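The values are calculated or read from the model by the stated rules, or taken from the named source; none is laboratory data. Note that the structure is a prediction, hence the values are computed from the model and not measured. Positions of Cβ are backbone-derived with ideal geometry, glycine not excepted, and every protein chain shown enters the neighbour counts.
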């Protein structure tokens, strides 16, 4: 294999690391995204794109969405409903 082809392969691998970390970072899985991007290349990017978010990230996004809805309701002069109470489980 020529050194030019190896260099291009290395550049693609490095690019997939950064892209995988960016995609995974939004899901709370930056390290996994980088590893999959490096080991599997574009296929790893597809895999990390379909991996679900961590529970912590999903909870933060839900809280942020609720805050946005309250803000928009208040700014439009609409009545604001209290946040829905989630019953605690005995676990």
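Data overview
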item: Filter pass, residue 24 being in a helix (DSSP H, G or I), touching a residue at least 24 places away in the same chain (Cβ under 8 Å) and under 15 Å from the mean Cα position of the chain (by Cα); result: yes
item: Enumeration of residues in the stretch 50-66 that are exposed (fewer than 10 other Cβ atoms within 10 Å of the Cβ) and in contact (Cβ under 8 Å) with a residue 12 or more places away in the chain; result: 56
item: Residue pairs meeting the criteria (Cβ under 8 Å; at least 6 apart or on separate chains; first at negative phi and modelled with pLDDT of 90 or more, in the stretch 1-18; second surrounded by 12 or more Cβ atoms within 10 Å (Cβ to Cβ) and part of a loop (DSSP other than H, G, I, E, B)); result: 12/41; 13/41; 16/41
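For (1) farther than 16 Å from residue 20 by Cβ; (2) more than 20 Å from the chain's Cα centre (by Cα); (3) at pLDDT below 80; (4) part of a loop (DSSP other than H, G, I, E, B), each residue gets a yes or a no:
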site	(1), (2), (3), (4)
43	no, no, no, no
61	yes, no, no, no
69	yes, yes, no, no
78	yes, yes, yes, yes
